[in-house]
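Novice: Structure below; questions to follow.
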Amino acid sequence: MATKLWGVLAQYENPAEIFHACEKVRDSGYSKWDACVPFPVHGLDKAMGVPASRLPWIVLSVGLFGSAFMLFFENWTMSIAYPIITGGKPLFSLPAFVPVWYEITVLSSCLTAFFGNWVLNGLPRPHHPAFNSKAFERATDDKFFIMVEAADPKFDLEKTKALLGETGASSVEELEN
């Protein structure tokens, strides 16, 4: 069975090297690439040109929808579906609704943040071509990596390897799918 080239993996030794390498890869016009680091590197997302996440807006939207739905549901339940007049109190009593209303708002926001993060990040991903690389095993320990996909419109194997070599990569290897 013939293997297909997935992309190129470059290894770096420290945060400063990968930071500058990400700037060069970004400035070269690549769009399908990623950096893998063992700990957060301040400003790396800006060096990569990663746009701001849509997740906060999604969480806010779903939280507001959950809040509005719960308030509507409590009002409908107590005023229309099952009205119970107790001691002349009004059917719509906002203070009585606040605890459940608040909890549903928080619950819908939290679930959206959790599952939205998974969806937007393409998780779960049980297999990735980088997992076949022996060097990539150190991505969670002490090494820094840049992966450029062969599916990138600007990808040319030799030019991409040369660019990554120029950025100070300690090793550059091809990844097969």
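Read-outs throughout are calculated quantities, based only on the coordinates presented, and are distinct from any laboratory measurement. It should be emphasised that the depicted structure is a prediction, and the values quoted were computed from it without experimental measurement. In this analysis, Cβ positions are derived from the backbone assuming ideal geometry, glycine residues included, and neighbour counts consider all displayed protein chains.
Novice: Can you list the HN-Hα couplings for region 70-87, worked out from phi with the Karplus curve (6.51, -1.76, 1.60; θ = phi - 60°), rounded to whole Hz and with x for Gly and Pro?
Specialist: 5, 5, 4, 5, 5, 5, 4, 4, 7, 9, 10, 6, 9, x, 10, 8, 10, x
Novice: Take the Cα pairs of region 55-120, get the Kirkwood Rh, then feed it into Stokes-Einstein at 25 °C and 0.890 mPa s and tell me D in µm²/s.
Specialist: After rounding, the answer is 189 µm²/s.
Novice: Under a straight-distance cross-link criterion of Cα-Cα below 17 Å, which aspartates and glutamates are reachable from LYS134, leaving out those fewer than 8 residues away in the same chain?
Specialist: Within the straight-line cut-off, LYS134 pairs with GLU13, ASP142, GLU173, GLU174, GLU176.
Novice: Between HIS128 and VAL106, 0.36 nm times their residue separation minus their Cα-Cα distance comes to what?
Specialist: Once the chain is fully extended between HIS128 and VAL106, it gains 4.5 nm.
Novice: From Cα pairs below 8 angstrom and at least 6 apart in sequence, can you work out the relative contact order of the chain, rounded to a whole percent?
Specialist: Reported as a whole number, the value is 55 percent.
Novice: Hey, can you grab everything whose amide H is under 5 Å from the amide H of LEU175? Only 5+ residues off in sequence or another chain; H modelled, so Pro and N-termini drop out.
Specialist: Placed amide hydrogens put TRP6, GLY7, VAL8, LEU9 under 5 Å from LEU175.
Novice: I would also like to ask the following. Suppose R0 equals 22 Å; then what is the FRET efficiency for PHE73 and PHE115 from their Cβ-Cβ distance, rounded to the nearest 0.05?
Specialist: 0.50
Novice: In cubic angstrom, how much convex hull volume per residue do the alpha carbon atoms of region 99-177 span?
Specialist: Value for region 99-177: 153 Å³ per residue.
Novice: OK, next. If you compute Rg/Rh (Cα atoms, Kirkwood Rh) for the structure shown, which of [x] 1.02; [y] 0.98; [z] 1.26 do you land on?
Specialist: Looking at Rg/Rh (Cα atoms, Kirkwood Rh) for this model, the match is [z].
Novice: Still on this structure: Explain nothing, just compute: Karplus ³J(HN,Hα) = 6.51 cos²θ - 1.76 cosθ + 1.60, θ = phi - 60°, for every residue of region 18-23 in order, whole Hz, x for Gly and Pro.
Specialist: 5, 4, 5, 5, 4, 4
Novice: Hey, another quick one. Test of understanding: what is the full-extension gain from LEU64 to LYS32, defined as 0.36 nm times their sequence separation minus their Cα-Cα distance?
Specialist: Result for the pair: 8.1 nm of gain on full extension.
Novice: Only Cα pairs within less than 10 Å get springs; with that Gaussian network setup on the chain, which residue of ALA81, ALA150, ALA139 has the largest fluctuation?
Specialist: Judging by the Gaussian network model, the answer is ALA81.
Novice: Give me the distance in nm between label points sitting 7 Å out from Cα along the Cα-to-Cβ direction at ARG138 and ALA151, one decimal.
Specialist: Calculated label separation equals 2.9 nm.
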